[in-house]
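What follows is a single structure, written as structure tokens, with notes after it.
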Amino acid sequence: MSSTSSIEKTTSPLEWLEGALNVIKENLAIFPASEYSKVADLVKKYLVRNQKTPEDLFNYLNNKSSKRSIDSILLGFSLEHGIGTIPNFTKAFLEFQKAVNAEDSFGQFFLGYCYDNGIGTSQDQEKAFELYSKAAEAGNTNAQCNLGFCYANGDGITKNEKKAFELYSKAAEAGNTKAQFNLGVCYFNGHGTTKSEKKAFELYSKAAEVGSLVGQISLGNCYHNGWGTTKNEEKAFELYLKAAEVGSLVGQISLGNCYHNGWGTTKSEKKAFELYSKAAETEDSNAQFNLALCYDNGWGTTKNDEKAFELYSKAAEVGYTSAQYNLALCYKNGCGTTKNEEKAFEFFSKAAEAGHTSAQYNLALCYKNGCGTTKNEEKAFELYSKAAEGGDSDAQFILELCYNGLGKTKNEEKPFELYSKATEAGSLVGQISLGTDCRSGPETMKDLEKVGHPSP
């Protein structure tokens, strides 16, 4: 990981100010936007190495009567991240604006980032695109990377994956770590170019070598799954561990999954529990869900249905599908809470709408038996069909009974009529009254920091 170790101790204000700015420039392309507080921490460490305090930096910049663009950028960054002062997004925005007025490409990039994310101003992706474009034209690789993201997602401009690929390529060639990672994502998914897991692996490797956390984790995923390289769970474990050791949330969760399943290391449910607990402190829904499973099943800790219910609820509130499904089962069976068929129906419905096949199957049973809702056989059959198409074995079994249990072929009668006859005849279709109570299991992060939000 890039750090301040390469920057010698300085004495003059110009030198240590430029040194602080270099720390920011070096690390913006390494850390994901969600972890920019770590960049601010590196700035603070740099200041300490030069016998300065965060307050020294802020007071010196804030009291200058005449500011250069570098002063405005540093002051804006300090105001945004609370270096030596209380965070003030509005004032940070105004300082970045001053740097833009001086035609500074780094200032253009930061002001674009403010518009992009609504920091100190109203969100305006068209304005962000305009500023990223100006900075990119001046050769700012962070701006080229974010401009690529705008094209990739249609933020402030018409979506154009090929243009995004070109911009990522340009910035990656200049050594921008985040662009290398994003370019790897393009190759991995075939966005704007021909799909190539091998090239994705190579680019993730480059990003990981210089300390990119998302690069390390994605490289770990490649080793874990054999994407673009030979499968190597031990190597994957090492990479997840490396990212987790510097506080990466995704790294902690991925490492927890390794310990939980014994991937690349000795199985330890206790260590998995500890890692999920640490990650859950950040209110991350994925970590909350995996921690809930630990309490639900007594993995690495004492079984606690109430605690599991509480964590499923938190993750479900922010739309975590598997948590919604497991929460529905809690309400259905009265695990960790009072039994409530209406609530079970509500959360089965939410998870089913998101495509969770077991939720679709259980929701079908709710409609079939009138549990938590009005009985509706036609709606039940529709949901059995959806679940079966998605691979749910219980739903497939019921539909198979409809077709084969009555000695009919698919073309002889309409499927729903077969289902109705099977029910009326008292076949197994009519006898099934309870849904599968199998909880959704531990999950890894989906689309591991595929970029997430436009970020430097």
Practice task
Kindly indicate whether any position in segment 120-132 is open to solvent by less than 30 Å² (accessible area, probe 1.4 Å) and over 25 Å from Gln180 (Cα atoms).
Solution key: yes
Practice task
Quick one: Thr265 ticks every box in (1) touching a Phe, Trp or Tyr at 6+ places or on another chain (Cβ under 9 Å); (2) more than 30 Å from Lys303 (Cβ to Cβ); (3) polar (S, T, N, Q) except a single one, so which number is it?
Solution key: (2)
Practice task
Run Phe110 past the list (1) in contact (Cβ under 8 Å) with a residue 60 or more places away in the chain; (2) part of a helix (DSSP H, G or I) and report the number of the one that doesn't hold.
Solution key: (1)
Exercise for the section: Identify the single condition in (1) touching a Lys or Arg at 6+ places or on another chain (Cβ under 7 Å); (2) on the phi > 0 side of the Ramachandran plot; (3) of a type in the set (Gly, Ala, Ser) that Gly84 does not satisfy, given that it satisfies every other one. Expected result: (1)
Fill in the blank from the handout: When every residue in segment 133-153 that is among the small types (Gly, Ala, Ser) and outside any helix (DSSP H, G or I) is compared, the one farthest from Asn176 (Cα to Cα) is Ala138
Problem - Pairs with Cβ under 9 Å, 6+ apart, first in segment 182-194 and in contact (Cβ under 8 Å) with a residue 40 or more places away in the chain and assigned to a loop (DSSP other than H, G, I, E, B), second of a type in the set (A, V, I, L, M) and open to solvent by 20 Å² or more (accessible area, probe 1.4 Å) - result: Gly192/Ala152
Completion exercise
Here the residues within segment 38-84 that are assigned to a loop (DSSP other than H, G, I, E, B), under 16 Å from Phe96 (Cα atoms) and not hydroxyl-bearing (Ser, Thr, Tyr) are Lys64, Lys67, Arg68, Gly82, Ile83
Handout entry: Checklist (1) in a helix (DSSP H, G or I); (2) open to solvent by less than 40 Å² (accessible area, probe 1.4 Å); (3) under 30 Å from Gly256 (Cβ atoms) applied to Glu306, failing item
Key = (2)
Problem - Residue among Phe181, Phe89, Phe188 that is farther than 26 Å from Asn59 by Cα and open to solvent by 10 Å² or more (accessible area, probe 1.4 Å) - result: Phe188
Completion exercise
The residue from Ala328, Ala292 that alone is closer than 27 Å to Lys379 by Cα and either part of a helix (DSSP H, G or I) or open to solvent by 20 Å² or more (accessible area, probe 1.4 Å) (or both) is Ala328
Practice task
Sort out which residues of segment 350-406 are of a type in the set (D, E, K, R), open to solvent by less than 40 Å² (accessible area, probe 1.4 Å) and either closer than 21 Å to Gly319 by Cβ or over 36 Å from the mean Cα position of the chain (by Cα) (or both), and write them in order of number.
Solution key: Lys368
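The values are calculated or read from the model by the stated rules, or taken from the named source; none is laboratory data. This is a predicted model, so every value here is computed, not measured. When we count neighbours, we look across all protein chains shown, and the Cβ atoms used for this are built from the backbone with ideal geometry, even at glycine. Side chains are part of the model used for accessible areas, which takes the heavy atoms of the whole protein and leaves out ligands, DNA and RNA. Shrake-Rupley method; radii C 1.70, N 1.55, O 1.52, S 1.80 Å.
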